[in-house]
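The values are calculated or read from the model by the stated rules, or taken from the named source; none is laboratory data. Please read these numbers as outputs of a predicted model, since none were measured by experiment. Reconstructed Cβ throughout: ideal geometry from the backbone, glycine too, with neighbour counts over all protein chains shown.
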Amino acid sequence: MTAMAASVVATKATARERLLAAANQLFYDEGIQTVGIDRIIEQAGVAKASLYNTYGSKDELIRAYLELRAQGRRDAIEKELAKAHTPRERLIAVFNALETLFRRPGFHGCAFVNASAEARPGSAAEQASSAYRGWSRELLLRLATEAGAPDPVELAGALQLVYDGALVSARMDRNPDVAAVARTTAIALIDAALA
């Protein structure tokens, strides 16, 4: 795409879309507390009033950023789940999604872990991260139940630990291959629980 074409596309995006795109990049790359409103406004190419008229506050922009990230993660997992044919394969599919995530250019770890580490109690960041966490727990519990695990709560909890550990390890070790280790570990836990 030429610079002129990119400029035309950028001007067609709404202020809301440009603000969210700028927040998505800057918050994920640098952190939600270190990035100020002025940087987001500058990158989005909008007036300061646009931010407050659209989102009301930085806190609500953070919430929108995390909800965007949550939707992306849910979509990636749902794509993998759609490829699975059995309940066991559906549990494993959750871990297949990690491979793609970890190999994405610019991977900086889990947006929810990162935001949660920076979040003030009761903040939008804490609430949005907790909402995503609740979704992932419910998903694993539902899939473990569908697979016929005798103790689906225990299996879902163990799988959540493997999933979370993989996210942290991939970031801290800068090693996307940890996705394969997490998948192998998950398979062992699933097979032991379903035996």
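Odds and ends about this structure:
- Test for Thr100: is it under 30 Å from Ile187 (Cβ atoms) and modelled with pLDDT under 95: yes
- Of the candidates Tyr55, Tyr65, the single residue that is under 18 Å from the mean Cα position of the chain (by Cα) and buried (at least 19 other Cβ atoms within 10 Å of the Cβ) is Tyr65.
- The stretch 132-173, residues that are among the hydroxyl-bearing types (Ser, Thr, Tyr) and more than 16 Å from the chain's Cα centre (by Cα): Thr145
- Restricting attention to the stretch 82-132, the residues that are in a helix (DSSP H, G or I) and in contact with a Pro (Cβ under 7 Å, 6 or more places away or on another chain) add up to 1.
- Only one entry of Ser136, Ser129 meets the criterion of being in the same structural domain as Ala70 (by TED's automatic domain parsing) and in contact with a Ser or Thr (Cβ under 6 Å, 6 or more places away or on another chain), and that entry is Ser129.
- Residue count, the stretch 20-69 (criterion: closer than 18 Å to Tyr132 by Cα and either assigned by TED's automatic domain parsing to the domain that holds Leu143 or assigned to a helix (DSSP H, G or I) (or both)): 14
- Filter pass, Pro105 being of a type outside the set (Ser, Thr, Tyr) and over 18 Å from Gln25 (Cβ atoms): no
- Hits in the stretch 130-151 (condition: under 16 Å from Ala93 (Cβ atoms) and in contact with a Leu (Cβ under 7 Å, 6 or more places away or on another chain)): Leu140, Leu143, Ala144, Ala147, Ala149
- Hits in the stretch 152-194 - residues which are touching a Leu at 6+ places or on another chain (Cβ under 9 Å) and not in a helix (DSSP H, G or I): Pro176
- Ala147 being hydrophobic (A, V, I, L, M, F, W, C), outside the structural domain of Asn24 (by TED's automatic domain parsing) and modelled with pLDDT under 95: no
- You will find that of Ala156, Ala186, the residue that is assigned by TED's automatic domain parsing to the domain that holds Leu101, among the hydrophobic types (A, V, I, L, M, F, W, C) and touching a residue at least 40 places away in the same chain (Cβ under 8 Å) is Ala186 and no other.
The rows are residues; the columns are (1) outside the structural domain of Glu138 (by TED's automatic domain parsing); (2) surrounded by fewer than 20 Cβ atoms within 10 Å (Cβ to Cβ); (3) modelled with pLDDT under 95; (4) touching a Lys or Arg at 6+ places or on another chain (Cβ under 8 Å).
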{"residue": "Gln71", "(1), (2), (3), (4)": "no, yes, no, no"}
{"residue": "Lys79", "(1), (2), (3), (4)": "no, yes, no, no"}
{"residue": "Lys83", "(1), (2), (3), (4)": "no, yes, no, no"}
{"residue": "Thr86", "(1), (2), (3), (4)": "no, yes, no, no"}
{"residue": "Arg90", "(1), (2), (3), (4)": "no, no, no, no"}
{"residue": "Gly106", "(1), (2), (3), (4)": "no, yes, yes, no"}
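- Residue tally, condition surrounded by 14 or more Cβ atoms within 10 Å (Cβ to Cβ), over 26 Å from Arg103 (Cβ atoms) and among the β-branched types (Val, Ile, Thr), over the stretch 143-192: 1
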